[in-house]
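The values are calculated or read from the model by the stated rules, or taken from the named source; none is laboratory data. Treat the numbers as computed from the prediction; the structure is a model and nothing was measured. All Cβ positions, glycine included, derive from the backbone under ideal geometry; neighbour counts span all protein chains shown. For the accessible areas, the whole protein counts, side chains as well, though only heavy atoms, and no ligand, DNA or RNA atoms are used. Shrake-Rupley method; radii C 1.70, N 1.55, O 1.52, S 1.80 Å.
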Amino acid sequence: MLIMPMDSHGEISAFSSVRFSPAWGSCKKVAFKRSTDIIVSSIAMIMLSPVFMALAIAVKLSSSGPVFYRWKVMGKGGRPFTGYKFRSMYLNADELKAELESLNEMSGPVFKLTNDPRVTKVGSWMRRFSLDELPQLYSVLKGDMSLVGPRPPLVSEYIRFNDYQKQKLAVKPGITCLWQVNGRNDVKDFDEWVKLDLEYIRQWTPMLDIKILVKTAGEVFAGSGK
């Protein structure tokens, strides 16, 4: 008898229809992915500690509010967790979001807006080089995230996902993904984003992770973030 996977609410999950790469069934390859996450995130956090300190000071001086933004997102299998980013927006950004919904540039349940007025000047600069994402290395070390994997959605976004969109969380979410190295600023349809995530799940190998990480480094140094 086929036992359907269950999500965090005990409902029959959409994850059962996901096509996985055979590599996900290899204990050695999955262990290599986790080992890489632990080693790289640990080394990066140590080596980048002066950068963390400088960014923390810049955020604190740029506007009132905490240094870190507590990021309420969904992880693998639709399980919620709290991640962290350097705060790139003004303190009341979440309250102002409702007023900007009509300007959303992404079709679907997620919100994306170029030149978002809620972003501080320091936040805009950090986002350009993805520096606000650095605290997510802690989530990778903890095991909530991976270096590479589908981007985790906000809890408020996930509750609006359909079954097709939920499939992106069949694996552990990541800091970077195929979407981020394949024209993330040009993708306007969330289902196209999900399509890239499912392609990653279907084609995953450790070598694919390495290729995505190399491409991500190029995107970061090019300052292509928004």
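Keeping the other protein chains in place, figure out the carbon and sulfur percent of the accessible area of the chain, with a 1.4 Å probe. All intermediate terms of the calculation are to be shown ahead of the outcome.
Numbers: 7500 of 12000 Å².
After summing per-atom areas, the C and S share lands at 62 percent.
Once a ≥ b ≥ c are taken as the square roots of the eigenvalues of the Cα gyration tensor of region 39-110, is the result rounded (a/c under 1.5), prolate (a/b larger than b/c) or oblate (a/b not larger than b/c)?
oblate
Here the Karplus curve 6.51 cos²θ - 1.76 cosθ + 1.60, taken at θ = phi - 60°, turns the phi angles of region 52-68 into couplings of 4, 5, 5, 5, 4, 5, 4, 5, 5, 7, 7, 6, 6, x, x, 6, 9 Hz, with x standing for Gly and Pro.
For Lys60, the lysines whose Cα falls under 19 Å of its own Cα, not counting residues fewer than eight places away in the same chain, are Lys85, Lys121.
In order along region 152-159, the Karplus-derived 3J(HN,Hα) couplings, from 6.51 cos²θ - 1.76 cosθ + 1.60 at θ = phi - 60°, round to x, x, 4, 4, 5, 7, 4, 5 Hz, and Gly and Pro are given as x.
In terms of its C-alpha gyration tensor, region 52-194 comes out oblate, because a/c is 1.5 or above while a/b does not outweigh b/c. Beta bridges from DSSP with both residues in the chain: antiparallel share about 75 percent, rounded to the nearest 5.
A simple charge model with +1 on the Cβ of Lys and Arg, -1 on the Cβ of Asp and Glu and nothing else charged puts the dipole of the chain at about 620 debye relative to its Cα centre.
Under the rule of -39500 (n - 2.57) per DSSP H run of 4 or more residues, summed and divided by the residues of the chain, what mean residue ellipticity at 222 nm is obtained, to the nearest 500 deg cm²/dmol?
Taken over the chain, the calculation gives -13000 deg cm²/dmol.
Summarising the amide proton neighbourhood of Phe68: residues at separation of 5 or more, or on other chains, whose placed amide H is nearer than 5 Å comprise Arg87.
Overall, region 79-196 carries a charge dipole of about 400 debye about its Cα centre when +1 sits on the Cβ of Lys and Arg and -1 on the Cβ of Asp and Glu, all other atoms neutral. Ranking Gly108, Leu154, Leu208 by how far each Cα lies toward the positive end of the dipole of the chain (charges on Cβ) leaves Leu208 at the top.
At a probe radius of 1.4 angstrom, the accessible area of region 77-136 per residue rounds to 51 square angstrom. Per-residue Karplus couplings for region 210-217, computed as 6.51 cos²θ - 1.76 cosθ + 1.60 with θ equal to phi - 60°, are listed in order as 4, 4, 5, 5, 5, 5, 5, 4 Hz, Gly and Pro entered as x.
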